[in-house]
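Structure, as structure tokens:
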Amino acid sequence: GENVEQHPSTLSVQEGDSAVIKCTYSDSASNYFPWYKQELGKGPQLIIDIRSNVGEKKDQRIAVTLNKTAKHFSLHITETQPEDSAVYFCAAFMDSNYQLIWGAGTKLIIKP
Amino acid sequence: GEEVAQTPKHLVRGEGQKAKLYCAPIKGHSYVFWYQQVLKNEFKFLISFQNENVFDETGMPKERFSAKCLPNSPCSLEIQATKLEDSAVYFCASSQSVAGQLAEAFFGQGTRLTVV
């Protein structure tokens with residue numbers, strides 16, 4: 001079955017700097033890769049996603065890149081702000097069974 | 001509604017008691033998913049529904065867990081004879097299919113189940 005690995009588990013960056021979180025997946029049939037942000041005591045919220053027919057997608061300060069050959073995808077946050085502090089999850093999804101397989105999460109800490 | 005509504009927010013049960021959690025998906029969404037998030041943050045898939053039909057239940061511990069999505073009622077997840085290891089936050093998500101592909105999954109705020 002699908003397996004998603006996410007690194008690092010904790011990331012601390014200075015406000016204004018960039019943050020990069022990386023994920024790898026095992027099943028080449030996965031075709032949709034969402035990123036979720038989870039704040040304390042809340043449900044995960046989709047921040048950006050990418051499908052397997054696209055290599056990169058950007059939305060303001062957030063971008064996601066996908067390398068299908070290497071089976072990895074990354075989240076890039078530029079000009080980080082205190083409100084970016086949260087736990088970020090990557091996930092891989094297959095249309096065949098509509099299951100999201102989650103990474104273990106990255107706790108992002110933005111230092112003022 | 002425009003958000004996934006989960007009730008209750010918190011639930012405390014003694015070991016061996018029954019727990020029942022509810023989820024009202026976003027109106028018009030035909031897919032409902034249940035996930036369990038334990039202390040180390042990892043999400044575990046439990047079950048999914050397409051309307052009132054079970055779509056995928058490969059994640060369900062079938063001995064004690066059951067779930068339903070009946071028409072005109074909130075979906076429910078029930079745990080019979082709860083165990084300490086059932087303590088977790090249970091999330092419900094809903095989504096719709098667009099042109100044969102699943103669109104964004106919207107999550108509720110979760111139900112924190114504590115088994116004592």
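The values are calculated or read from the model by the stated rules, or taken from the named source; none is laboratory data. What you see is a predicted model; the values in this text were computed from it and never measured. Please note: Cβ atoms are built from the backbone with ideal geometry, for glycine as well, and neighbour counts cover all protein chains shown. Ligands, DNA and RNA are excluded from the accessible area calculation, which covers all protein heavy atoms including side chains. Shrake-Rupley method; radii C 1.70, N 1.55, O 1.52, S 1.80 Å.
For segment B:1-69, the normalised intensity computed at q = 0.13, 0.15, 0.24 Å⁻¹ comes to -0.42, -0.57, -1.33 (log10 of I(q)/I(0), Debye sum over alpha carbons, equal scatterers, no solvent). Working note: Cα atoms of the protein assembly as shown, range along each principal axis, descending, whole Å: 49, 41, 33. In this simple spin-label approximation, residue B:2 and residue B:78 carry label points 7 Å from Cα along the Cα→Cβ vector, and these lie 3.5 nm apart.
Rounded to a whole number, what % of the accessible area of the protein assembly as shown do carbon and sulfur atoms account for, probe 1.4 Å?
Summing carbon and sulfur atoms, their accessible area is 49 percent of the total for the protein assembly as shown.
Neighbouring Cβ atoms from other chains, within 10 Å of the Cβ of residues in B:43-49, number 3 on average.
Other chains near A:39-48: what is the mean number of their Cβ atoms within 10 Å of each residue's Cβ? Shielding by partners across A:39-48 averages 4.
Over all alpha-carbon pairs in chain B, figure out the percentage whose distance exceeds 17 Å. Summing the P(r) tail past 17 Å for chain B gives 52 percent.
Each label was represented as a point 7 Å from its Cα along the Cα-to-Cβ direction; for residue A:59 and residue B:66 these points are 3.9 nm apart. Taking label points 7 Å from Cα along the Cα-to-Cβ direction, residue B:12 and residue A:97 give a separation of 3.8 nm. Among the trypsin sites (Lys or Arg not before Pro) in segment A:32-102, those located in a DSSP loop and surrounded by at most 16 other Cβ atoms within 10 Å of their own Cβ are A:42, A:61, A:68, A:71.
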